[in-house]
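The values are calculated or read from the model by the stated rules, or taken from the named source; none is laboratory data. Since the structure is predicted, the reported quantities are computational estimates derived from the model, not experimental observations. Backbone-built Cβ (ideal geometry, glycine too); neighbour counts: all protein chains shown.
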Number of protein chains: 2
Amino acid sequence: MALAHAIMTALIDDDLSGYELSRDFEASMGFFWHASHQQIYQELHKLAEKSFLNNREVSQSGKPNKIVYGLTKAGRDALAEWVYDTTKNQNAKDELVIKLYNLSEENASHLAAEIDARRQDMMQRLYTFEKLRVKHYNEPQLLPTRSKGVYLALIRGLGQGQQFLAWCDEALELIATVSGKSK
Amino acid sequence: MALAHAIMTALIDDDLSGYELSRDFEASMGFFWHASHQQIYQELHKLAEKSFLNNREVSQSGKPNKIVYGLTKAGRDALAEWVYDTTKNQNAKDELVIKLYNLSEENASHLAAEIDARRQDMMQRLYTFEKLRVKHYNEPQLLPTRSKGVYLALIRGLGQGQQFLAWCDEALELIATVSGKSK
DNA sequence: AAAATCATGTAATTTGTTACATGATTAG
DNA sequence: CTAATCATGTAACAAATTACATGATTTT
C-alpha cells in the first residue's frame, strides 16, 4: 500500500499528471522509491476511485491533453493517518552486491565496469541534489516544519550517495588488484 | 530472477536447508537482499526442478529432519553466467523517508520514535558485521579473489549502516526543534 | 524520414506478502 | 503447561515487471 502513499506525498504541493509523476518521481524521490509509469497509472486510477484524488483534463496546445490529479481532503487525511502506521520495508535489494560475492579473476573486469557505470550515474544525481540543497535548504533550522522533513529526506539521499561513491572508489581499487585475465 | 541467484550465492560455500537459509540470509546478506521463508522454500523447489540444486534429507537427533540443498555443476555455471547479465535493481524503497515528507508538529514525536527504533536495530547489526570484518577481513589485499568480493559487500553494508546512524542523529536533532504539541 | 519526447493505457507474468497449517522438541 | 525454536509447506492476494499498444508532436 505504500506506493499509494508515496504518490499522494508527491502530490502534496502540486497537482500532477501520471506522466509528470513518473518523470519527477524518479528525480525527487528516486532515492527512496521507484515506480514505473504503468504502476503509477494504475495506482492513480485506484486512488481516484477511492476519492483520495480528484482529476481534471487539461488541454495543451501542441501536446496531447493530460489528466492532472490532485489530493482531496479525504486523501490528505488518509496520508496523515498513514504516517502513524508501523513501517515495514527498508527494502534492500541490490543485485550488484550479490554479484560481488561471486567475484573471480574472470569476471573482475566486468564487475569493475558495472561499478564504474553506477558510480557515474550517482555523480550525476548527486550534482542535481546538491544544487537543490544549496539553493533552498542551507539553513535547515529556519525552515517551516514540513520542509524540515523534506530536507532530511534530501540529506539522506545525499549522504547515501556520497557513501556510495566512496565505496565505489575503494571497490574499484581492490578489484584492480585481482589479476585480470582478459576475457 | 535475482532471488534465485542470491540463494545460489548463499550456497556457494555451504549446503543449507531452507530454514537455515532464511535464518542466515538475513544475518549475512540482509543488507542487500531480504526474502521470507515462504519465498525461499518455493524458490528452492524451482531451482531443484531445474537441477541447479540437489537435495538430500538429513536426519537429526531430537529435531525434525531437514532437507539440505547444494549447488550442482549446472547451478554453478548458471550463477557464473548471471554475473554478466545487465544489472537492474538498486531497488530503493524506504517508507520511513517518504513519511518524513509529511513531517508536522503533530507527528514529529512519532517519527522521531520510529527513527530511534531503526537506529537501534542498525547499531545491533553493525556490531555483528564489524566483529566479522575485524576477525576475517583485516587485510583485504591478502584475501583470495572471491573473499575480496565478500569483503567489498561487507564494507558496503558497514558504510551504509554507519552513514545511516549519522543521518539518524542529525534527523533526531532537527526533529527535536519542531515544537512538539503532545498528542 | 527517423528518432525522441509527450501522454496514456491494457494484459500477462513474475515476485513478494500475508494468512493459514502442521507437528515435533526444548526451555522456562 | 506455555512459549519458543526447529522445520516445512499451501493458498490467496497484492505489488511489480515486461511486453505490447496507440497516436500526436518535436527535434535531428
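Among the candidates A:TYR151, A:TYR137, which residue alone is over 23 Å from A:LEU3 (Cα atoms) and at pLDDT 95 or above?
On inspection, the qualifying residue turns out to be A:TYR137.
I'd like to check something: does the stretch A:21-32 contain any residue that is more than 14 Å from chain B (Cβ to nearest Cβ), of a type in the set (Gly, Ala, Ser), within 8 Å of DNA strand C (Cβ to nearest atom) and more than 19 Å from B:ASN102 (Cβ to Cβ)?
Yes.
Filter the stretch A:118-128 down to the residues that are free of Cβ contacts under 8 Å to residues at least 60 places away in the same chain and either among the charged types (D, E, K, R) or surrounded by 14 or more Cβ atoms within 10 Å (Cβ to Cβ) (or both) and list them by number.
A:ARG118, A:ARG119, A:ASP121, A:MET122, A:LEU126
Which of the residues belonging to the stretch A:27-56 are among the small types (Gly, Ala, Ser) and either over 14 Å from B:LYS93 (Cβ atoms) or within 9 Å of DNA strand D (Cβ to nearest atom) (or both)?
Once the filter is applied, which keeps residues that are among the small types (Gly, Ala, Ser) and either over 14 Å from B:LYS93 (Cβ atoms) or within 9 Å of DNA strand D (Cβ to nearest atom) (or both), the stretch A:27-56 yields A:ALA27, A:SER28, A:ALA35, A:SER36, A:ALA48, A:SER51.
Does the stretch A:87-100 contain at least one residue that is in contact with a helix residue (DSSP H, G or I) (Cβ under 7 Å, 6 or more places away or on another chain), in contact (Cβ under 8 Å) with a residue 40 or more places away in the chain, under 23 Å from B:LEU96 (Cβ atoms) and more than 16 Å from DNA strand C (Cβ to nearest atom)?
No; the residues of the stretch A:87-100 include none that is in contact with a helix residue (DSSP H, G or I) (Cβ under 7 Å, 6 or more places away or on another chain), in contact (Cβ under 8 Å) with a residue 40 or more places away in the chain, under 23 Å from B:LEU96 (Cβ atoms) and more than 16 Å from DNA strand C (Cβ to nearest atom).
Is there a residue being assigned to a helix (DSSP H, G or I) and more than 14 Å from every other protein chain (Cβ to nearest Cβ) anywhere in the stretch A:74-94?
Yes; the residues of the stretch A:74-94 include at least one that is assigned to a helix (DSSP H, G or I) and more than 14 Å from every other protein chain (Cβ to nearest Cβ).
May I ask you to verify whether B:ARG56 is in contact (Cβ under 8 Å) with a residue 12 or more places away in the chain, touching a strand residue (DSSP E or B) at 6+ places or on another chain (Cβ under 8 Å) and facing chain A (nearest Cβ under 8 Å)?
no
Which residues, taken from the stretch A:51-62, are loosely packed, with under 13 Cβ neighbours inside 10 Å and over 13 Å from A:LEU16 (Cα atoms)?
Hits for the stretch A:51-62 are A:SER51, A:SER59, A:GLN60, A:SER61, A:GLY62.
Any residue in the stretch A:146-166 that is surrounded by fewer than 17 Cβ atoms within 10 Å (Cβ to Cβ), within 11 Å of chain B (Cβ to nearest Cβ) and over 30 Å from A:ALA112 (Cα atoms)?
Yes, the stretch A:146-166 contains at least one residue that is surrounded by fewer than 17 Cβ atoms within 10 Å (Cβ to Cβ), within 11 Å of chain B (Cβ to nearest Cβ) and over 30 Å from A:ALA112 (Cα atoms).
Given the conditions (1) more than 11 Å from chain B (Cβ to nearest Cβ); (2) at pLDDT 95 or above; (3) surrounded by fewer than 17 Cβ atoms within 10 Å (Cβ to Cβ), report the number of the one that A:LEU71 does not fulfil.
Answer for A:LEU71: the failing condition is (3).
Scan (1) touching a residue at least 24 places away in the same chain (Cβ under 8 Å); (2) under 29 Å from B:LEU132 (Cα atoms); (3) not charged (D, E, K, R) for the single condition B:GLN38 breaks and write down its number.
(1)
Just to be sure, is B:GLU105 modelled with pLDDT of 95 or more, within 11 Å of chain A (Cβ to nearest Cβ) and touching a helix residue (DSSP H, G or I) at 6+ places or on another chain (Cβ under 9 Å)?
yes
Restricting to the stretch A:95-105, name every residue that is surrounded by 17 or more Cβ atoms within 10 Å (Cβ to Cβ) and assigned to a loop (DSSP other than H, G, I, E, B).
A:TYR101, A:ASN102, A:LEU103
Per-residue answers, yes or no, for (1) of a type outside the set (S, T, N, Q); (2) more than 16 Å from DNA strand C (Cβ to nearest atom); (3) closer than 22 Å to A:GLY149 by Cα:
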{"position": "B:ASP77", "(1), (2), (3)": "yes, yes, no"}
{"position": "B:TRP82", "(1), (2), (3)": "yes, no, no"}
{"position": "B:HIS110", "(1), (2), (3)": "yes, yes, yes"}
{"position": "B:ARG119", "(1), (2), (3)": "yes, yes, yes"}
{"position": "B:PRO140", "(1), (2), (3)": "yes, yes, no"}
{"position": "B:VAL178", "(1), (2), (3)": "yes, yes, yes"}
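B:ASP13 - would you say it is away from DNA strand D (no atom under 13 Å from the Cβ) and either at pLDDT below 95 or under 30 Å from A:ILE7 (Cα atoms) (or both)?
On the way: away from DNA strand D (no atom under 13 Å from the Cβ): yes; either at pLDDT below 95 or under 30 Å from A:ILE7 (Cα atoms) (or both): yes.
Against the criterion (away from DNA strand D (no atom under 13 Å from the Cβ) and either at pLDDT below 95 or under 30 Å from A:ILE7 (Cα atoms) (or both)), B:ASP13 qualifies.
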